[in-house]
Amino acid sequence: MNYYLYAAYAATWIIHIAYLSIVSRRYSRLRKELQELKKS
Amino acid sequence: MKRAFPILAVLTAVLLSYALYQALEVAPTEATMGDVQRIFYYHVPSAWTAFLLFLTNFVASVIYLIRRNTKADILALVTAEVGVVFCTVVLVTGPIWARPVWGIWWTWDLRLTLTLVLWLIYVSYLMLRRFSSSGQTPLMAAVLAVFGALDVPLVYFSIWYFRTQHPSPVIGGGGSLDPRMARVLLINWAAFLCFAALVCWSRYRVERLQREVEETQALEALMESRSIR
């Protein structure tokens with residue numbers, strides 16, 4: 001029974017962490033892009 | 001404002017840890033389902049948070065339709081995206097909970113089907129915003145959001161007015177939740193609300209940056225075309 005409980009909690013955090021890592025990577029890429037644009 | 005973000009992040013981390021401890025250790029074990037019922041403390045607050053985000057999306061979309069306000073447009077996009085993430089959590093944790101309790105992963109019951117439709121509506125909304133290159137995209141998205149939001153009360157009240165496989169409402173609607181469980185549920189909801197606010201804030205900053213990059217690129221292209229002439 002506990003297997004399902006831990007699977008649900010783990011799935012919740014995997015989904016949130018995956019989304020946060022996408023947002024964070026996008027932020028770093030955009031910062032870099034903006035800096036390059038301002039340089040040129 | 002720059003200092004508020006790390007403070008909110010630390011507070012959210014503390015609150016989420018406390019909420020997890022309450023859900024796993026403090027909340028009483030449910031008599032019929034046992035420990036697996038503790039999925040409730042993640043499943044229900046995620047659903048409520050998703051509903052609140054979709055309602056914010058609706059309000060922001062209406063404001064955009066009336067005033068053509070850029071901030072409202074960004075808020076609508078951000079709340080739809082974070083709402084889809086929370087709705088995904090609901091659609092994943094629900095079947096994991098259903099399997100040991102109902103003996104099945106999924107059933108085409110009214111509540112479950114309407115939740116899946118809600119998720120599909122907002123995924124379509126995000127697809128429209130991502131792949132449409134028309135200048136009217138924010139306007140079309142706002143109209144879609146207004147109609148999409150109609151599904152939120154349908155999902156919420158489906159278990160009040162129809163007999164479904166899904167359990168009856170736990171708070172209001174004749175639900176009889178143990179006060180200790182209700183307390184843990186509300187702590188978890190508060191933690192998820194803080195977390196959602198933090199994620200929306202981060203995503204809002206990314207969207208502002210994205211628009212700044214696009215404006216700079218457009219300006220550069222304009223200057224280049226003038227220098228060619």
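Throughout, read-outs are computed from the coordinates displayed, never taken from laboratory work. Source: prediction; values computed, not measured. Positions of Cβ are backbone-derived with ideal geometry, glycine not excepted, and every protein chain shown enters the neighbour counts.
Let me confirm one metric for peptide B:92-104, namely the mean number of other chain beta-carbon atoms within 10 Å of its residues' beta-carbons. Intermediate results must be reported in sequence, preceding the final value.
Details: counts 6, 7, 1, 3, 10, 4, 1, 2, 4, 2, 0, 0, 0.
Mean inter-chain Cβ contacts per residue within 10 Å come to 3.
Extending each Cα 7 Å along its Cβ direction at A:A10 and B:W108, get the distance between those two points in nm, one decimal.
The answer from the label model is 3.2 nm.
What is the average number of partner chain Cβ atoms found within 10 Å of a Cβ in B:36-49?
Values: counts 7, 2, 6, 8, 1, 2, 6, 2, 0, 0, 3, 0, 0, 0.
Mean inter-chain Cβ contacts per residue within 10 Å come to 3.
For a quick protection proxy, order the peptides B:130-140, B:27-37, B:74-84, B:93-103 by their average other-Cβ count within 10 Å, most packed first. Don't skip to the end; give the middle numbers.
Numbers: B:130-140: 11.5, B:27-37: 14.2, B:74-84: 24.5, B:93-103: 17.9.
Listed from highest to lowest mean packing, they are B:74-84, B:93-103, B:27-37, B:130-140.
For peptide A:24-36, how many partner chain Cβ atoms fall within 10 Å of a residue's Cβ, on average? Before the final figure, lay out each step's value.
Numbers: counts 2, 1, 5, 6, 1, 4, 10, 3, 1, 6, 6, 0, 2.
Neighbouring Cβ atoms belonging to other protein chains average 4 per residue here.
For helix A:2-39, what angle does its Cα long axis make with the longest principal axis of chain A, in degrees from 0 to 90 and rounded to 10?
Long axis of A:2-39 versus the principal axis of chain A: about 0 degrees.
Under a point-charge model restricted to the Cβ atoms of Lys and Arg (+1) and Asp and Glu (-1), what is the dipole moment magnitude of chain A relative to its Cα centre, in debye to the nearest 20?
Details: 7 positive and 2 negative charges, 69 e Å.
In total the dipole reaches around 340 debye.
So what does the Cα-only Debye profile of chain B read at q = 0.15 Å⁻¹, as log10 I(q)/I(0), no solvent term?
Computed log10 I(q)/I(0) values: -1.07.
What FRET efficiency do you get for B:Y18 and A:A18 if R0 is 22 Å and r is their Cβ-Cβ distance, rounded to the nearest 0.05? Intermediate values should be presented prior to the final figure.
Values: r = 24 Å, r/R0 = 1.09.
Using R0 = 22 Å, I get an efficiency of 0.40.
Taking Cα atoms, how many degrees apart are the long axis of helix B:137-148 and the longest axis of chain B, rounded to 10 and kept between 0 and 90?
Here the helix axis deviates by roughly 20 degrees.
Note the angle between two axes, namely the Cα long axis of helix B:40-67 and the longest principal axis of the Cα atoms of chain B, as a number of degrees from 0 to 90, rounded to the nearest 10.
Tilt relative to chain B: about 30 degrees.
What 222 nm value per residue comes from the helices of the protein assembly as shown, counting each DSSP H run with n ≥ 4 as -39,500 (n - 2.57) and dividing by all residues, nearest 500 deg cm²/dmol?
Working: 8 runs with 212 residues, N = 269.
Calculated from helices alone, the mean residue ellipticity at 222 nm is -28000 deg cm²/dmol.
Just order B:45-53, B:213-221, B:189-197 by mean Cβ neighbour count inside 10 Å, highest at the front, would you? Mind dumping the intermediate values first?
Details: B:45-53: 23.4, B:213-221: 12.6, B:189-197: 20.7.
Highest to lowest by the protection proxy: B:45-53, B:189-197, B:213-221.
Can you give me the distance in nm between label points at B:R163 and B:E30, each placed 7 Å from the Cα along the Cα-to-Cβ direction?
Inter-label distance under the simple model: 2.1 nm.
Can you give me the Kirkwood hydrodynamic radius for chain A, using every pair of distinct Cα atoms, in Å to one decimal? Walk me through the intermediate numbers first.
Details: mean 1/r = 0.0812 Å⁻¹.
Evaluated over chain A, this radius sits at 12.3 Å.
For the pair A:S28 and B:L55, how long in nm is the line joining their label points, each one 7 Å along Cα→Cβ?
Output for this residue pair reads 3.8 nm.
For B:L154 and B:S227, what is the calculated FRET efficiency with R₀ set at 41 Å and r taken between the beta-carbons, to the nearest 0.05?
0.15
Looking only at B:Y64, B:Y41, B:Y21, which one moves most when chain B is put into a Gaussian network model with springs between Cα atoms under 10 Å?
The residue that fluctuates most here is B:Y21.
Could you work out how much longer the chain between B:I66 and B:T137 gets when fully extended? Use 0.36 nm per residue separation minus the Cα distance between them, nm to one decimal.
Working: separation 71, 0.36 × 71 = 25.56 nm, distance 1.55 nm.
Contour length minus Cα-Cα distance gives 24.0 nm.
With θ set to phi - 60° and the Karplus curve 6.51 cos²θ - 1.76 cosθ + 1.60, what are the ³J(HN,Hα) couplings of region B:102-112 in order, to the nearest whole Hz, using x for Gly and Pro?
Calculated HN-Hα couplings, in order: 9, x, 9, 7, 8, 9, 7, 7, 4, 4, 5 Hz.
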